[in-house]
Each structure stands twice: as structure tokens, then as C-alpha cells.
Amino acid sequence: MKPGKFLIATPSSIGDTNFHRSVILLVEQKQSGTVGFILNKKLDYNLDEVMEGISVKIPLYFGGPVEQDSLFFIHQAADLIPNSLPISDDFYWSGDYKTVIELLNSQKLKEHQIRFFLGYSGWGEQQLEDEIERKSWILADASKESDWISNSSATLWKDHMIALGGKYLLWSNAPENPSWN
């Protein structure tokens, strides 16, 4: 598993509250473990509501259950943001936070180029591989979908279920809670 891949939560009738219907972008893989961010769990508040010095409204996302009081970001502006860490040819994570704030406030960095997360998703050594083997996740190529950062995250999981077809197609229209059926 290398960075730049999607992890798609497999359908379940009773889901984990953190990962139910999640699509995660893997950003780092080391022998000690793996790091990723949930892409489709938008929070009810914006960056300017939790951080001082921000003059623009930028949505925040729940990145995962680890370090939920820490801010992380994925972007497409490595040429503007020093110390960016590559994920793929198109995406980077982290970098100089002061520069990011300056670029946002001056509108040289736009919302469609960056996504902010509170917390991250993490797995210890061999943990994620075991979960994939148990079919808790489907691994997919993220490079084919380079526009996820600028599009709504509301249908990302459903869109993947439709693309997978077969038995997953049925899940694409299932209610979030089976008792709503």
C-alpha cells in the first residue's frame, strides 16, 4: 500500500461511527504504520471558527479519530507552500502553516486547492493490511479522481459503491441507518 490510494469502507448495516461510509486518502506508509484522512466527513464549522488569523471561510473535515485536536491539511500547492510532503504527483500534505495562512488571507491559495482536517486516521504496523484482508476496506487508485479536493464530499462513498458495481450497487442506495428503510 502506498500513499495516494483510496481506502473505501466496505458496506455494513451497523457501522463504526468513525469509519462508516468513509473514503480515506492514504498519505503516508511506513513500516511502523499508515496515516490517512477521511475525505467525506465535513464538519459543521469552518476553519476561521477554530483558528485565529483566518479571514476566509474554509470548511473543516473530520480526518479521523487520532489527534482530533490537531489541524492537518492536504493541498495542490507545493510550489507555494514550503516543506510540503508528497502524496502523489498532484497532492501534498502538511507544509509551512504560516505561509498557508498568508496565502489563504491574500487569496493566492483558494479553497479548491486545499482541504483541512481535524484529526487523522492511523493504523499500527500490519493493522491496515489485516483489515483489508478481512474485507473491511477496498483499496482503490486515487489518481483517477484528482478533483475530489474541489468537489462536494457528500456523495463520494456512494459514487465509489456505484463504480464498484455488483453487490456494492445495492448499498449505494441503502439508507445510512437500516431502520430508516
Query raised in the report: Hey, what's the Cα Rg ratio for the chain versus the globular rule of thumb, 2.2 N^0.38 Å?
Result: 1.04
Report task. Would you please state the base-10 log of I(q)/I(0) at q = 0.15, 0.30 1/Å for the stretch 80-122, with intensities from the Debye formula using one equal scatterer on every alpha carbon? Result -> -0.39, -1.26
Query - Relative compactness, the stretch 1-98, computed as alpha-carbon Rg over 2.2 N^0.38 Å - result: 1.15
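Throughout, read-outs are computed from the coordinates displayed, never taken from laboratory work. Just so we're clear, the structure is a prediction, and the values are computed from it rather than from any experiment.
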